[in-house]
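The structure under discussion appears below in the form of structure tokens.
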Amino acid sequence: MAYQTLQVQAQDRLMLITIHRPEKLNALNHVVMEELDLAVEEVLTREDIGGAIITGSGERAFVAGADIASFQQLSPEEARALSIKGQALFAKIERAPKPFLAAVNGFALGGGCELAMACHLRIASIQAKFGQPEINLGIIPGYGGTQRLPRLIGLTRALHLMLTGEMITAEQAQQYGLVIDVVPPAQLMEKSIALMQKLLSGPIHAIRHILHCALLAMNGSEEGYAAEAQAFSECFATADAREGIQAFLEKRKPRFQGK
Ligand code: COA
């Protein structure tokens, strides 16, 4: 299968998926989301593939978020549909019976942090930075972040990150329990592949059961995701969101007015 915004490579039983839009810090536009969906389906359906690593192209970013340029003309209804679609894709990864590992090589912001959180395992390069900066645009995380972040790092830290939009370093992310390991950039893929090869040589049925049962322990409610999609949509009816998105694209500070 030929992809436009992904580089997909199968080696042994492992699928390596690289999001490839380095000039936009691998931001998730609709083409990336469609292709990621296809690549995830490929991992799920191919019998010769036992799991996948997701990473970002270039040295700067894993994924710097959803594509903010595509937010410019988004109506609240379209925003809701976008949120539901993104939630569905990330839930597909989270619910996969095969392990997915995020090799976080740089910025994992907004949808990038949400994508990493949907994976079962995360290893970060020392250069990685994590955050949910949507608040700076006058909006909220819409691809499951409001649900997964509190579950993974606790409510206090999650609220702090989401309400301030501040980024954390890879070491902080490790302290928070968001990543299992922090490694030099040159070792990121080697370590990630080694971990996945270890899993893939293991008992795949036991692995499938662990993924399923552990997820049940951490399950967010459907209500939580529905509330997120609704709230994401409502943000797009505000003047603050229009201002926040415009300000990012004009490379200036937003002036929020509470409208
Ligand atoms: N959507 C669309 N484009 C994005 C993007 C995003 N989420 N993140 C970065 N880009 C683009 C920039 O607009 C810029 O494009 P240009 O060269 O055509 O102007 C390019 O990627 C490089 O980014 P730039 O902002 O110039 O790099 P920087 O080093 O100054 O800053 C970040 C890096 C990650 C701090 C900054 O790009 C950023 O804040 N990105 C948005 C993060 C975010 O809010 N994500 C959540 C979205 S819901």
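Things to note:
- Qualifying residue in region 61-70 (condition: surrounded by 21 or more Cβ atoms within 10 Å (Cβ to Cβ) and on the phi > 0 side of the Ramachandran plot): yes
- In region 57-83, the residues that are within 22 Å of Cys119 (Cα to Cα) never reach a residue that is within 8 Å of the ligand (Cβ to nearest atom) and modelled with pLDDT under 95 with C-beta atoms less than 8 angstrom apart, at least six apart or across chains.
- Within region 88-100, residues that are assigned by TED's automatic domain parsing to the domain that holds Thr55 sit with their Cβ atoms under 8 Å from residues that are among the hydroxyl-bearing types (Ser, Thr, Tyr) and at pLDDT 95 or above, at 6+ positions apart or across chains, in these pairs: Leu89/Tyr143; Phe90/Tyr143.
- Residues of region 132-151 that are closer than 20 Å to Val104 by Cβ and out of contact with any helix residue (DSSP H, G or I) (no Cβ under 6 Å at 6 or more places or on another chain): Pro133, Glu134.
- So Ala118, is it in the same structural domain as Arg13 (by TED's automatic domain parsing), away from the ligand (no atom under 13 Å from the Cβ), closer than 27 Å to Ala10 by Cβ and touching a Ser or Thr at 6+ places or on another chain (Cβ under 8 Å): no
- Residues that are more than 14 Å from the ligand (Cβ to nearest atom), not in a helix (DSSP H, G or I) and not hydrophobic (A, V, I, L, M, F, W, C) were ranked within region 129-181; the one that is surrounded by the most Cβ atoms within 10 Å (Cβ to Cβ) is Tyr176.
- Look at (1) surrounded by fewer than 13 Cβ atoms within 10 Å (Cβ to Cβ); (2) modelled with pLDDT under 95; (3) not hydroxyl-bearing (Ser, Thr, Tyr) and you find that Ala237 fails only one, number (2).
- Residue check for Ala96: surrounded by fewer than 22 Cβ atoms within 10 Å (Cβ to Cβ) and more than 13 Å from the ligand (Cβ to nearest atom): yes
- Considering residues of region 20-48 that are touching a residue at least 12 places away in the same chain (Cβ under 8 Å) and of a type in the set (Val, Ile, Thr) only, the residue surrounded by the fewest Cβ atoms within 10 Å (Cβ to Cβ): Val31
The values are calculated or read from the model by the stated rules, or taken from the named source; none is laboratory data. Computed from a predicted structure; not experimentally measured. Reconstructed Cβ throughout: ideal geometry from the backbone, glycine too, with neighbour counts over all protein chains shown.
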